[in-house]
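Have a look at the structure below, then the notes.
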Amino acid sequence: MRRPIVLGFFVALAVLILADAIAARAGVVAGFARSDGPWFWIASRAAGVTAFVALTLDVTFGLFLSTGLADAWIPRARSVELHRWLSASALALAALHALALAGDRFVRFDVLDALVPFLSSYRPFAVGLGVLALWLAWIVHASFSVRRRIGVARWRLLHYASFVVFVLAAAHGLLAGTDTARPWMTNIYIVAVATVVAMSVIRVARSHARRP
Ligand code: HEM
């Protein structure tokens, strides 16, 4: 009984937020007040960077699982649990990253900018790649729960989309980010890409070696 009420509340809230964004774009309502300070911008960037780190760890951990490299140290069930937790954390941080932008007076994002790829007036292409990454990451995460229903083969095919999410998120951060040229951020991108590429090479080599 309580579940439909909670669900109904969130659906109504989502419809209200969407309707407000559309009405503000049409000039019917004034749109909500935004902060003058840099705090939302800083919070969004911090959440974006941590989301990217969590996503990198998530993809790397998935590759540890499929290559069996972590099996000697961590029981498999624990590894799967950690992999799911990293996936959920990356999603939550990315959502926070997008949400915080709504409070910034300079970019003036609304919910449509965060949901519709390439709609934002601020760096539309680069931001669009981030929106696509978020949608795809959500689909991959949701597929954890329907694995039995769709079958392992289909689930695995869907799970390969994680690589697309990683590439989209890396391209998005590199192209949209204020901090891209700072040495600490450049190093994060280099280490992240090198780790995922190296682990993918190991994964492909192992699956070839296993074939009769
Ligand atoms: C998986 C999803 C996402 C990840 C991992 C991600 C990650 C990142 C990273 C690492 C940066 C660079 C931060 C910096 O250089 O300080 C960034 C910048 C940015 N992202 Fe995302 N992002 C994602 C989704 C989104 C979405 C859905 C939006 C749309 C609202 C968005 C909007 C932006 C904007 C406007 C910037 C530029 C901020 C700046 O100048 O630093 N991102 N993102």
For this session: Round to the nearest 10 and give me the degree value, 0 to 90, for the angle of helix 161-176's Cα axis relative to the longest principal axis of the chain.
Result: 50 degrees
For this session: Might you work out the accessible area of V127 for me, using a 1.4 Å probe with all protein chains in place, and round it to the nearest 10 Å²?
Result: 20 Å²
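Note down the relative contact order for the chain as a percent, whole number, built from C-alpha pairs under 8 angstrom at least six residues apart. Mind dumping the intermediate values first?
Working: 197 pairs, mean separation 46.9, N = 212.
Averaging sequence separation for qualifying contacts and normalising by length gives 22 percent for the chain.
Considering only protein heavy atoms and a probe of 1.4 Å, how much of the accessible area of the stretch 1-156 is carbon and sulfur, as a whole percent?
Numbers: 6970 of 9760 Å².
The nonpolar share, carbon plus sulfur, comes to 71 percent.
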Exercise. Which value, in Å² rounded to 10, gives the accessible area of I5 with a 1.4 Å probe and all protein chains present?
Worked result: 100 Å²
Exercise. Mind checking which of G62, G27, G173 has the largest fluctuation in a GNM of the chain, springs on alpha carbons under 10 Å?
Worked result: G27
Exercise. Sorting I190, I74 by accessible area (1.4 Å probe), largest first, what list results?
Worked result: I190, I74
For this session: Report, in degrees rounded to the nearest 10, the 0 to 90 angle that the Cα long axis of helix 39-67 makes with the longest principal axis of the chain.
Result: 20 degrees
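What do you reckon, how do H97, H83 stack up by accessible area (1.4 Å probe), largest on top? Please report the intermediate quantities before stating the final value.
Details: H97 45, H83 20 Å².
Correct descending sequence by accessible area is H97, H83.
Put W138, W41, W155, W73 in order of accessible area, largest first, 1.4 Å probe: what do you get?
On the way: W138 140, W41 50, W155 30, W73 195 Å².
Descending order: W73, W138, W41, W155.
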Exercise. Given a 1.4 Å probe and the protein chains all in place, what does the accessible area of R84 round to, in Å² to the nearest 10?
Worked result: 100 Å²
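Give me Rg/Rg_expected for the stretch 1-118, where Rg uses Cα atoms only and Rg_expected = 2.2 N^0.38 Å with N residues.
On the way: Rg = 19.0 Å, N = 118, 2.2 N^0.38 = 13.5 Å.
Rg over 2.2 N^0.38 Å, computed on Cα atoms: 1.41.
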For this session: Summarise the long-distance tail of P(r) for the stretch 1-64 by giving the % of C-alpha pairs beyond 15 Å.
Result: 74 percent
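The values are calculated or read from the model by the stated rules, or taken from the named source; none is laboratory data. Here the structure is a predicted model, which means the values were calculated and not measured. Ligands, DNA and RNA are stripped out before the accessible areas are found, and what is left, the full protein with its side chains, is counted by its heavy atoms. Shrake-Rupley method; radii C 1.70, N 1.55, O 1.52, S 1.80 Å.
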